[in-house]
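Input: a single structure, listed below in C-alpha coordinates.
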Amino acid sequence: MQIGLVSGGFKPYHKGHHFLVEKASRENDVVKIITSVKSRDELSGEAMRQVWLDVIMPVMPLKNAQLEISKSPVGKTFEYLDNLEAGLLPEGTILNVYAGQKDLNSRFRDEYMLKKYPKSMAAGAIIRTPVARGKDSPKCSGESMRNCLGNIELFRAGLPEFLKSKASIIIKLLI
(Lines give C-alpha, C1' and ligand atoms only; values in the text may rest on other atoms or scores of the structure.)
Protein backbone atom coordinates (compact mmCIF):
# COMPACT_ATOMS: atom_id res chain seq x y z
CA MET A 1 0.00 0.00 0.00
CA GLN A 2 1.24 3.47 -0.87
CA ILE A 3 0.27 6.28 1.50
CA GLY A 4 0.59 9.95 0.57
CA LEU A 5 1.42 12.27 3.47
CA VAL A 6 0.33 15.89 3.04
CA SER A 7 1.03 17.91 6.16
CA GLY A 8 0.51 21.56 6.95
CA GLY A 9 -1.35 24.21 8.88
CA PHE A 10 -4.07 24.59 6.22
CA LYS A 11 -5.41 27.74 7.87
CA PRO A 12 -7.64 27.98 6.02
CA TYR A 13 -7.79 25.14 3.51
CA HIS A 14 -7.67 26.65 0.00
CA LYS A 15 -7.45 25.63 -3.66
CA GLY A 16 -3.65 25.37 -3.55
CA HIS A 17 -3.85 22.91 -0.67
CA HIS A 18 -6.58 20.97 -2.44
CA PHE A 19 -4.47 20.75 -5.61
CA LEU A 20 -1.76 19.06 -3.54
CA VAL A 21 -4.25 16.68 -1.88
CA GLU A 22 -5.79 15.82 -5.29
CA LYS A 23 -2.32 15.04 -6.68
CA ALA A 24 -1.58 12.81 -3.68
CA SER A 25 -4.99 11.15 -4.03
CA ARG A 26 -4.31 10.22 -7.65
CA GLU A 27 -0.81 8.91 -6.92
CA ASN A 28 -1.46 6.88 -3.74
CA ASP A 29 -3.88 4.32 -2.34
CA VAL A 30 -4.57 6.55 0.68
CA VAL A 31 -3.76 10.18 1.37
CA LYS A 32 -3.35 11.42 4.95
CA ILE A 33 -4.12 15.11 5.35
CA ILE A 34 -2.20 15.98 8.52
CA THR A 35 -2.98 19.28 10.22
CA SER A 36 -3.03 20.79 13.70
CA VAL A 37 -5.21 22.95 15.90
CA LYS A 38 -2.50 25.58 16.35
CA SER A 39 -3.81 29.06 15.70
CA ARG A 40 -2.29 31.16 12.93
CA ASP A 41 -2.46 34.95 13.08
CA GLU A 42 -5.98 35.71 14.29
CA LEU A 43 -7.43 32.46 12.93
CA SER A 44 -8.29 30.01 15.71
CA GLY A 45 -7.01 26.48 15.33
CA GLU A 46 -10.06 25.15 17.19
CA ALA A 47 -12.38 26.98 14.76
CA MET A 48 -10.46 25.44 11.85
CA ARG A 49 -10.88 21.99 13.43
CA GLN A 50 -14.63 22.57 13.38
CA VAL A 51 -14.45 23.61 9.72
CA TRP A 52 -12.55 20.41 8.90
CA LEU A 53 -14.91 18.12 10.79
CA ASP A 54 -18.25 19.81 10.04
CA VAL A 55 -17.73 21.30 6.58
CA ILE A 56 -14.73 20.00 4.62
CA MET A 57 -14.57 16.28 5.34
CA PRO A 58 -18.32 15.59 4.96
CA VAL A 59 -18.15 16.88 1.36
CA MET A 60 -14.55 15.90 0.50
CA PRO A 61 -14.79 14.45 -3.03
CA LEU A 62 -11.60 12.37 -2.66
CA LYS A 63 -12.72 9.07 -1.17
CA ASN A 64 -9.21 7.96 -0.24
CA ALA A 65 -8.47 11.16 1.74
CA GLN A 66 -8.28 10.84 5.51
CA LEU A 67 -7.87 13.64 8.05
CA GLU A 68 -5.48 13.46 10.97
CA ILE A 69 -5.28 16.29 13.48
CA SER A 70 -2.11 16.26 15.56
CA LYS A 71 -0.02 18.64 17.66
CA SER A 72 2.58 18.94 14.90
CA PRO A 73 1.87 18.05 11.25
CA VAL A 74 5.57 17.70 10.43
CA GLY A 75 6.15 15.73 13.63
CA LYS A 76 3.34 13.35 12.68
CA THR A 77 4.89 12.91 9.22
CA PHE A 78 8.18 11.92 10.86
CA GLU A 79 6.26 9.58 13.19
CA TYR A 80 4.98 7.73 10.09
CA LEU A 81 8.53 7.57 8.71
CA ASP A 82 9.89 6.33 12.07
CA ASN A 83 7.20 3.63 12.21
CA LEU A 84 8.04 2.53 8.67
CA GLU A 85 11.74 2.24 9.50
CA ALA A 86 10.95 0.33 12.71
CA GLY A 87 8.82 -2.18 10.79
CA LEU A 88 5.63 -1.11 12.55
CA LEU A 89 3.67 -0.51 9.34
CA PRO A 90 2.39 -3.39 7.19
CA GLU A 91 5.01 -5.01 4.97
CA GLY A 92 5.12 -3.41 1.55
CA THR A 93 3.99 0.02 2.78
CA ILE A 94 5.42 2.94 0.81
CA LEU A 95 5.23 6.47 2.20
CA ASN A 96 5.11 9.38 -0.25
CA VAL A 97 5.85 12.74 1.42
CA TYR A 98 4.47 15.78 -0.43
CA ALA A 99 6.07 19.14 0.25
CA GLY A 100 7.42 22.26 -1.33
CA GLN A 101 10.99 22.12 -2.59
CA LYS A 102 12.17 24.32 0.29
CA ASP A 103 10.80 21.87 2.88
CA LEU A 104 12.18 18.87 1.00
CA ASN A 105 15.62 20.52 0.90
CA SER A 106 15.58 21.34 4.61
CA ARG A 107 13.46 18.80 6.51
CA PHE A 108 13.65 15.82 4.12
CA ARG A 109 17.08 16.27 2.50
CA ASP A 110 18.93 13.21 1.17
CA GLU A 111 21.74 13.05 3.73
CA TYR A 112 19.32 13.26 6.67
CA MET A 113 16.86 10.74 5.23
CA LEU A 114 19.60 8.24 4.31
CA LYS A 115 21.08 8.46 7.81
CA LYS A 116 17.78 8.30 9.74
CA TYR A 117 15.90 5.84 7.50
CA PRO A 118 18.57 3.66 5.83
CA LYS A 119 16.44 0.51 5.42
CA SER A 120 13.38 2.34 4.11
CA MET A 121 15.38 4.54 1.74
CA ALA A 122 17.37 1.56 0.38
CA ALA A 123 14.12 -0.35 -0.19
CA GLY A 124 12.53 2.58 -2.02
CA ALA A 125 9.79 2.69 0.63
CA ILE A 126 10.08 6.48 1.03
CA ILE A 127 9.24 8.81 -1.83
CA ARG A 128 9.56 12.59 -1.63
CA THR A 129 7.37 14.45 -4.10
CA PRO A 130 8.06 18.17 -4.55
CA VAL A 131 5.30 20.57 -5.52
CA ALA A 132 6.18 24.14 -6.48
CA ARG A 133 3.69 26.58 -4.93
CA GLY A 134 2.08 28.76 -7.56
CA LYS A 135 3.97 27.01 -10.36
CA ASP A 136 2.65 23.45 -10.28
CA SER A 137 -0.36 24.47 -8.17
CA PRO A 138 -2.90 27.31 -8.19
CA LYS A 139 -1.48 30.54 -6.84
CA CYS A 140 -3.04 31.00 -3.42
CA SER A 141 -1.78 31.30 0.14
CA GLY A 142 -3.14 30.91 3.63
CA GLU A 143 -2.11 34.49 4.37
CA SER A 144 -4.08 35.86 1.42
CA MET A 145 -7.10 33.76 2.44
CA ARG A 146 -6.90 35.01 6.05
CA ASN A 147 -6.66 38.58 4.74
CA CYS A 148 -9.90 38.25 2.77
CA LEU A 149 -12.09 36.71 5.50
CA GLY A 150 -14.05 39.98 5.42
CA ASN A 151 -14.76 39.71 1.68
CA ILE A 152 -16.83 36.64 0.83
CA GLU A 153 -16.27 36.91 -2.95
CA LEU A 154 -12.47 37.04 -2.64
CA PHE A 155 -12.55 34.26 -0.04
CA ARG A 156 -14.80 32.09 -2.23
CA ALA A 157 -12.44 32.58 -5.19
CA GLY A 158 -9.61 31.00 -3.17
CA LEU A 159 -11.59 27.90 -2.21
CA PRO A 160 -11.54 24.61 -4.11
CA GLU A 161 -14.66 24.11 -6.25
CA PHE A 162 -16.31 21.65 -3.87
CA LEU A 163 -16.21 24.24 -1.04
CA LYS A 164 -17.25 27.41 -2.89
CA SER A 165 -20.91 26.98 -1.91
CA LYS A 166 -19.79 26.66 1.74
CA ALA A 167 -17.82 29.94 1.83
CA SER A 168 -20.24 31.81 4.09
CA ILE A 169 -20.45 28.89 6.54
CA ILE A 170 -16.65 28.65 6.70
CA ILE A 171 -16.25 32.40 7.25
CA LYS A 172 -18.91 32.36 9.97
CA LEU A 173 -17.07 29.58 11.79
CA LEU A 174 -13.67 31.28 11.43
CA ILE A 175 -14.49 34.84 12.51
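The values are calculated or read from the model by the stated rules, or taken from the named source; none is laboratory data. All values derive from a computational prediction rather than experimental measurement. Using ideal geometry, Cβ is built from the backbone for each residue, glycine included, and neighbour counts are taken over all protein chains shown. For the accessible areas, the whole protein counts, side chains as well, though only heavy atoms, and no ligand, DNA or RNA atoms are used. Shrake-Rupley method; radii C 1.70, N 1.55, O 1.52, S 1.80 Å.
For the reader, a short list of remarks on this structure follows.
- Per residue, the accessible area of the chain comes to 51 Å² when a 1.4 Å probe rolls over the protein heavy atoms.
- The range 112-175 shape via C-alpha gyration tensor axes, a/c threshold 1.5: prolate
- For the chain, the spherically averaged projection of the C-alpha convex hull amounts to 9.6 nm².
- Shape category assigned to the range 18-81 from the gyration tensor of Cα positions, a/c cut at 1.5: oblate
- Of the peptides 31-38, 73-80, the order by per-residue mean of other Cβ atoms within 10 Å, starting with the highest, comes out as 31-38, 73-80.
- Computed in the context of the full set of protein chains, the accessible area of the chain at 1.4 Å probe radius has 51% of its extent on carbon or sulfur.
- Lysine pair count for the range 117-175 (Cα-Cα distance under 30 Å; residues 8 or more apart in sequence or on different chains): 6.
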